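Comments concern the structure below.
The values are calculated or read from the model by the stated rules, or taken from the named source; none is laboratory data. What you see is a predicted model, and the numbers here were worked out from it, not measured in a lab. Because the Cβ atoms are built from the backbone with ideal geometry, glycine has one as well, and the counts that use them run over all protein chains shown. For accessibility, only protein heavy atoms count, side chains too; no ligands or nucleic acids. Shrake-Rupley method; radii C 1.70, N 1.55, O 1.52, S 1.80 Å.
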Amino acid sequence: MSGFTTTTFDVGITTMTDVDAISRIAYDIRDMADHIEKNEFLDARRIYEEGKHSPQYDRYGNEKDEYLSLQRMANSWKGGMFNEDPNYIFQMLGMADIGQSWDEAVTSHGSYADSYITELLNDYSSGTLGAQASTILIVSMYATHELWDGMLDCFAVKNGFNPEADKTGKINPKQSFDRFIALYVGAGQTLAPDWEGDMLYELAQAGGDLFDRNDSEGEATVNSDIRQLMQSIQRTLSVEDYCKTDESIEMLWLLSNRIIARMYIPMVQMLIHSMKQDDQAHKVKMYALAVIPQLSQCSPSVHGKLKDYLLDKVYDKLDFDRIVSLLQQSYDCLGFTCEDLGTYMEGTDDVVAECAGYEKYHPMAGFVPKRDVRSLSKADLDILAVDQLLKVPSTTKNQMAQLYFKYGKAAEIDDDDFGFRLLSLEDMTANGASEEGQWSPYYSDYVEYFKRDNFDDSAIMIAFEDTDMDAEQRSAYIVHLMRYNVVPEYMMSLIGLTLQLCPEEDSDISSSLYWDAFAALYIGSLEGIKASSSDDSGMLLWNLANNRARQFNTQNDKYMAKVNDEMTDLFFAGQSELERKDCTNFEKTASRALHLMLVPLIQSTIWHAIRNEKLGVDSTDKSLAIGEVMAFSVLPIVSKYDKKAAAVIERNMVLVDGIKPVSEGPQAVANAFFKILGDIGWGCEYIGQAEGIDACEQFDGNIIGVKNTGSMLFTPGATTIFVGLVSVMLILTL
């Protein structure tokens, strides 16, 4: 082993540990390409399978007989090495066929990179594609794994492990992050004017050249960004007691996600290049394998269409425009912008113009916000990621899913000075214990019902810890708490803040910001720009309302929920009233919107009562967990208006060992909700009926009056509103 304790790369990076050995895997790729060009495919295969330049060492620093090889790297998943790796999980789920379980997906697709490259190395007409694919498919996945491995190592340090005293090197966050950059840059990478290399750094240089995204020195902006981000990681790991504070772990989480977002850019650039140029068409599948499966963390409908175009069939150049349009819809989810990607071959006949990106007034399901709340709407992407990660068996209690909950990724707010502040789902739950959270008109009712603040946070973290719970029930419980408890309760606080700010003439904070934020969280980012009944990709209340409308026969003539029609009208009405400072009428609009969003939650509770009545005492069906969560989403409000009605819902929907679910029948649950319909101001037309269960069975012919048209303003004992957490999270949109 080298006697040096650090490794220096010519591109301006010196690592904290010695990672020279793994960086030398770049020479294996170089030599493979050289042999292939000489038609020496057998020699190329031997290097791929056995390795040549990257030595391995035992715990005592003695060199082993075996080299690290690209094939061994490709098949590391077989030992469970990637089981906690979000990118590998997204890759497998993104390649899975419809209906495949996790185990089936891994069995079918786990060796995707090795199978593809082995086939190329046995095809004498494939040229050097096998060597290039080793970088694109193997090194890139292994490098991102090192980032995630560094995160898990940091958790071990936080839990008391001392890497400085460890002689095995098994847990070493500094080395894990260093191994990432060693794989990203690779040994032998040169600077201007040639920028020669064989790894991901060189790939980014090629993409920067094609899309005019190089700086004045000739370096690709992706590479300069990643170097700066890596230097920030080094600073974070250089402080005393590194990894032992929540702040350091959060910073490493955010920096790692930013790096991975940058890494997607050259992959997409080169995919577009290979689709555009006939002489590069043989590379389309290679780049598609690197990019398209990762979109399983984005819109399911977009991912499905691109999978069909690029993976399930041979690429047809006639589909180019449709494919590029779908890719552009995914940039925001992957963490980069149209500007980051650039314009392809500007000034030539092959130009592909830079896409427009998202404007301040980006529509969401037909609603056009006045303020830029796009980032807030992406909370649904964090929930989707958690949902995906919980599908996979975990030995760390799904630590990575917990990080998505605690720190967030998708709903990015501020990236100034690398201090990426993200609005996380846990931030939303913590908002209930802060002064601004108490502006929710129902804040005290939730505290009274659950007998504590932050019930959602506690319930979610307890479920993460409870690995004895049925896996499907545990996943459904956690995800549905996030979707239908955490987000709606936070939305209530946004309404309260909007109401409080409306009459304040001199406020520096726009009340319309919070109103648009309410709309963004009702709709979410996955719904697209137009209202539609055909796309079932959403994770929030808009999608829930459409689903329940089909079951409760409460659709409009376009097969969408009447609730969503009404809600969209209220969104626009509220905007207009806030613009005019018509706070009296806005208060009525806000009250109607707040209580209208309860309708799909009520329908869902009844729907799962119908489903769960058929289940036995010992059932572990996930519908039981979902039904309980749905009941929890509205029980504090039901209890406020009718404690006896709340008791009926509790007895039937909240799980108790040894008690049959929905023992009094789903109609009893529906009747209990009927008792409070007058209090929330929305009646039978919007609730509807499903499978013979009618919430308005007891309707006596009198029109249910709208009782919630009075004041919703709530003062928690403070004379001056303190807008802290929420304003920090949305400050950039002011």
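A count restricted to segment 630-661 and to residues that are farther than 21 Å from Arg483 by Cα and crowded, with 22+ Cβ neighbours inside 10 Å stands at 3.
Please pick out the residue among Ser111, Ser134 that is under 27 Å from Phe41 (Cβ atoms) and surrounded by 18 or more Cβ atoms within 10 Å (Cβ to Cβ). Don't jump to the end; show me each part of the working.
Values: Ser111 fails: surrounded by 18 or more Cβ atoms within 10 Å (Cβ to Cβ).
Matching residue, one of Ser111, Ser134: Ser134.
The single condition among (1) within 28 Å of Leu381 (Cα to Cα); (2) small (Gly, Ala, Ser); (3) not in a helix (DSSP H, G or I) that Gly218 does not satisfy is (1).
One residue is enough: does segment 151-174 have a residue meeting the conditions crowded, with 24+ Cβ neighbours inside 10 Å, touching a Leu at 6+ places or on another chain (Cβ under 9 Å) and closer than 22 Å to Pro266 by Cβ? So far as segment 151-174 goes, no, none of its residues is crowded, with 24+ Cβ neighbours inside 10 Å, touching a Leu at 6+ places or on another chain (Cβ under 9 Å) and closer than 22 Å to Pro266 by Cβ.
Somewhere in segment 501-516, is a residue part of a helix (DSSP H, G or I), touching a strand residue (DSSP E or B) at 6+ places or on another chain (Cβ under 9 Å) and closer than 24 Å to Glu685 by Cβ? For segment 501-516, residues part of a helix (DSSP H, G or I), touching a strand residue (DSSP E or B) at 6+ places or on another chain (Cβ under 9 Å) and closer than 24 Å to Glu685 by Cβ: absent.
Looking at segment 687-704, can you tell me whether even one residue there is of a type in the set (S, T, N, Q), at pLDDT 95 or above and part of a helix (DSSP H, G or I)? No; the residues of segment 687-704 include none that is of a type in the set (S, T, N, Q), at pLDDT 95 or above and part of a helix (DSSP H, G or I).
What about Ala365, is it among the small types (Gly, Ala, Ser), touching a residue at least 40 places away in the same chain (Cβ under 8 Å) and closer than 30 Å to Tyr124 by Cβ?
Answer is no for this residue.
Filtering segment 299-347 to residues that are open to solvent by 50 Å² or more (accessible area, probe 1.4 Å) and not in a loop (DSSP other than H, G, I, E, B) leaves Pro300, Lys305, Asp308, Lys317, Leu318, Asp321, Arg322, Ser325, Gln328, Glu339.
Put simply, of Ser532, Ser512 the only residue that is over 24 Å from the mean Cα position of the chain (by Cα) and not aliphatic (A, V, I, L, M) is Ser512. Taking the numbered list (1) at pLDDT 95 or above; (2) part of a loop (DSSP other than H, G, I, E, B); (3) within 30 Å of Arg227 (Cα to Cα); (4) small (Gly, Ala, Ser) in turn, Gly61 passes all entries but (1). Restricting to segment 234-248, count the residues that are loosely packed, with under 15 Cβ neighbours inside 10 Å and not in a helix (DSSP H, G or I). Of the residues in segment 234-248, 5 are loosely packed, with under 15 Cβ neighbours inside 10 Å and not in a helix (DSSP H, G or I).
Testing Asp470 on (1) under 24 Å from Leu526 (Cβ atoms); (2) at pLDDT 80 or above, one condition comes back false. Which one is that? It fails just one condition, (1).
Of the set (1) farther than 30 Å from Ser458 by Cα; (2) in a loop (DSSP other than H, G, I, E, B), all apply to Glu664 but (1).
For segment 368-377, indicate whether the set of residues that are at pLDDT 95 or above, within 25 Å of the chain's Cα centre (by Cα), open to solvent by less than 10 Å² (accessible area, probe 1.4 Å) and among the β-branched types (Val, Ile, Thr) is non-empty. Explain how you work it out, then say what you get.
Quick first cut of segment 368-377, residues at pLDDT 95 or above only: none.
Within segment 368-377 (the criterion being at pLDDT 95 or above, within 25 Å of the chain's Cα centre (by Cα), open to solvent by less than 10 Å² (accessible area, probe 1.4 Å) and among the β-branched types (Val, Ile, Thr)), the answer is no, since none of the residues qualifies.
Of Phe552, Phe518, which residue is modelled with pLDDT of 95 or more, over 18 Å from Asp380 (Cβ atoms) and open to solvent by less than 30 Å² (accessible area, probe 1.4 Å)?
Phe552
You will find that of Asp123, Asp166, Asp178, Asp198, the residue that is of a type in the set (D, E, K, R), part of a helix (DSSP H, G or I) and either closer than 30 Å to Lys397 by Cα or modelled with pLDDT of 95 or more (or both) is Asp178 and no other.
In segment 18-54, the qualifying residues are those that are among the charged types (D, E, K, R) and either in contact with a strand residue (DSSP E or B) (Cβ under 7 Å, 6 or more places away or on another chain) or not in a helix (DSSP H, G or I) (or both), and the one that is most open to solvent (accessible area, probe 1.4 Å) is Lys38. Would you confirm, using the coordinates I've provided, whether Thr15 is surrounded by fewer than 20 Cβ atoms within 10 Å (Cβ to Cβ) and over 16 Å from Tyr142 (Cα atoms)? No; evaluated as a whole, the condition is false for this residue. The C-beta contact set for segment 417-445 (first residue assigned to a helix (DSSP H, G or I), second residue aromatic (Phe, Trp, Tyr) and at pLDDT below 60, distance under 9 angstrom, 6+ apart or interchain) comprises Gln438/Phe714; Trp439/Phe714; Tyr443/Phe714; Ser444/Phe714. Contact map, segment 177-189: residues that are farther than 13 Å from Gln231 by Cα paired with residues that are assigned to a loop (DSSP other than H, G, I, E, B) and among the small types (Gly, Ala, Ser), Cβ distance under 8 Å, separation 6+ or inter-chain. Pairs shown: Val185/Gly197; Gly186/Gly197; Gly188/Gly197; Gln189/Gly197.
Looking for whichever is closer than 20 Å to Tyr484 by Cβ and open to solvent by 10 Å² or more (accessible area, probe 1.4 Å) here; the options are Asp569, Asp621. Which one fits? Result: Asp621 is the single residue among Asp569, Asp621 that is closer than 20 Å to Tyr484 by Cβ and open to solvent by 10 Å² or more (accessible area, probe 1.4 Å). For segment 397-414, the set of residues classified as out of contact with any strand residue (DSSP E or B) (no Cβ under 8 Å at 6 or more places or on another chain) and open to solvent by 40 Å² or more (accessible area, probe 1.4 Å) consists of Lys397, Lys406, listed by residue number. Quick check, is Asp453 at pLDDT below 95, touching a Lys or Arg at 6+ places or on another chain (Cβ under 8 Å) and open to solvent by 40 Å² or more (accessible area, probe 1.4 Å)? So Asp453 does not fit the description; no.
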